[in-house]
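Report on the structure given below.
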Amino acid sequence: LATIHWSNTVAAWAAHSVLAYGDAKRRARMLELLTWLAQALFDSRNYGGALAVLSGLRAAPVYRLQSSWTLMPQSAFAAFERLDAACTHSGNYATLRKLQDAVADEPSPHVLC
């Protein structure tokens, strides 16, 4: 239950971080920053953290902000789409499970030798 609570808290924080701004440009900047945060978490194999941030960005009030999404830099929007595709819940997160299986035997990127 603690993990679910943490994930829900992070998702709510991400959504609130975008919705706290009243103008589309500032919301677009926050969408960009949160997308890069999710990408960094994903790259470091913190898939739970990446999913939590993406959940906040996928929340209906955030996802409906079309004017803000269109103001995002193309590179950030493309990164969001890649993450969204990798972390899709279809097939019980089949894409993410395949990725986790592929890197299961590799050393963790945060272990310093």
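The values are calculated or read from the model by the stated rules, or taken from the named source; none is laboratory data. Note that the structure is predicted; figures quoted are calculated from it, not measured. Positions of Cβ are backbone-derived with ideal geometry, glycine not excepted, and every protein chain shown enters the neighbour counts.
Looking at residue 31, is it part of a helix (DSSP H, G or I), modelled with pLDDT of 95 or more and surrounded by 19 or more Cβ atoms within 10 Å (Cβ to Cβ)?
Taking the combined requirement at face value, the residue satisfies it.
Within the bounds of region 48-55, is there any residue that is surrounded by fewer than 22 Cβ atoms within 10 Å (Cβ to Cβ), among the hydroxyl-bearing types (Ser, Thr, Tyr), in contact (Cβ under 8 Å) with a residue 40 or more places away in the chain and part of a helix (DSSP H, G or I)?
yes
Is there a residue being aromatic (Phe, Trp, Tyr) and at pLDDT below 95 anywhere in region 72-87?
No.
So the check is Cβ under 6 Å with 6+ separation or different chains; which pairs have a first residue in region 11-39 that's over 12 Å from residue 68 (Cβ atoms) and a second one that's among the β-branched types (Val, Ile, Thr)?
These pairs meet every condition: 14/53; 15/62; 37/53; 38/53.
Please specify each residue of region 88-113 satisfying the condition of being farther than 14 Å from residue 47 by Cα, out of contact with any Cys (no Cβ under 9 Å at 6 or more places or on another chain) and modelled with pLDDT under 70.
Hits for region 88-113 are 91, 92, 105, 106, 111, 112, 113.
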